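Trainee: Sending over a structure as structure tokens; questions will come in a sec.
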Amino acid sequence: MEIEKKFFVKSLPDRLDRYESKKIAQGYLCTSPVVRIRRSDDDYYLTYKGDGLMVREEYNLPLTKEAYEHMLPKADGRLIEKTRYIIPLTDKLTAELDIFCGALEGLVIVEVEFESVDEADAFAPPEWFGKDVTNLGIYHNSNLSLSDAMPPTA
């Protein structure tokens, strides 16, 4: 089960280069339910995500590079490309800051995953977080892959 909140970003944290980062490219074979293929640096995955906004089922399976490349031309819509920065918030919580590139350049979203809905509901975001967009499905990567337009960024 994935329990996750998403936010816009008011301002980027200082010295992003000090945080771990990954180059991610992902395509969607289906958006209802979500079936995604992802390259994260040199790792490859097939992911299934169920319905929902803040809470939904999620299953990840490893792929080979060859399997990823075989399925990539079958993906619908545009390829989602981003750099993800892993930023510790507390002993338990980590922010995943996504800076999109390619067709979505200019979009910046930060996500935080939680162990429970109560923990998510009690979360007080840091000052650098912006508007909570968790319940706006347009900011799910699967939906971003289908639209030719850039979504609102504020």
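Trainee: Give a residue-ordered list of calculated ³J(HN,Hα) values for segment 10-18 (Karplus: 6.51 cos²θ - 1.76 cosθ + 1.60, θ = phi - 60°; whole Hz; x for Gly, Pro).
Mentor: Here the 3J(HN,Hα) series is 6, 8, 6, x, 5, 6, 4, 5, 7 Hz.
Trainee: Rounded to the nearest 20 debye, what is the charge dipole size of segment 29-142 about its Cα centre when +1 sits on each Lys and Arg Cβ and -1 on each Asp and Glu Cβ?
Mentor: 500 debye
Trainee: Taking segment 107-144, which GluC sites (Glu not before Pro) meet the DSSP loop condition and have no more than 12 other C-beta atoms within 10 Å?
Mentor: Within segment 107-144, the qualifying GluC sites (Glu not before Pro) (loop, at most 12 other Cβ atoms within 10 Å) are Glu115, Glu127.
Trainee: To continue, here is another question. With only alpha-carbon atoms in the gyration tensor, what are the semi-axes of the equivalent ellipsoid for the chain, in Å, largest first?
Mentor: Here the semi-axes work out to 24, 17, 16 Å.
Trainee: Separation of segment 6-33 and segment 92-121 by C-alpha centroid, Å?
Mentor: 7 Å
Trainee: Using all Cα-Cα distances in segment 21-83, what percent lands in each 5 angstrom bin from 0 up to the longest?
Mentor: Calculated over all Cα pairs of segment 21-83, the distribution is 4, 19, 28, 26, 18, 5, 0 percent.
Trainee: I need the fraction of alpha carbon pairs in segment 71-112 separated by more than 14 Å, rounded to a whole percent.
Mentor: In whole percent, the long-distance tail amounts to 56.
Each reported figure results from applying straightforward, stated rules to the coordinates on display, with no laboratory input. Given the structure is predicted, the values throughout are model-derived calculations rather than measurements. Please note: Cβ atoms are built from the backbone with ideal geometry, for glycine as well, and neighbour counts cover all protein chains shown.
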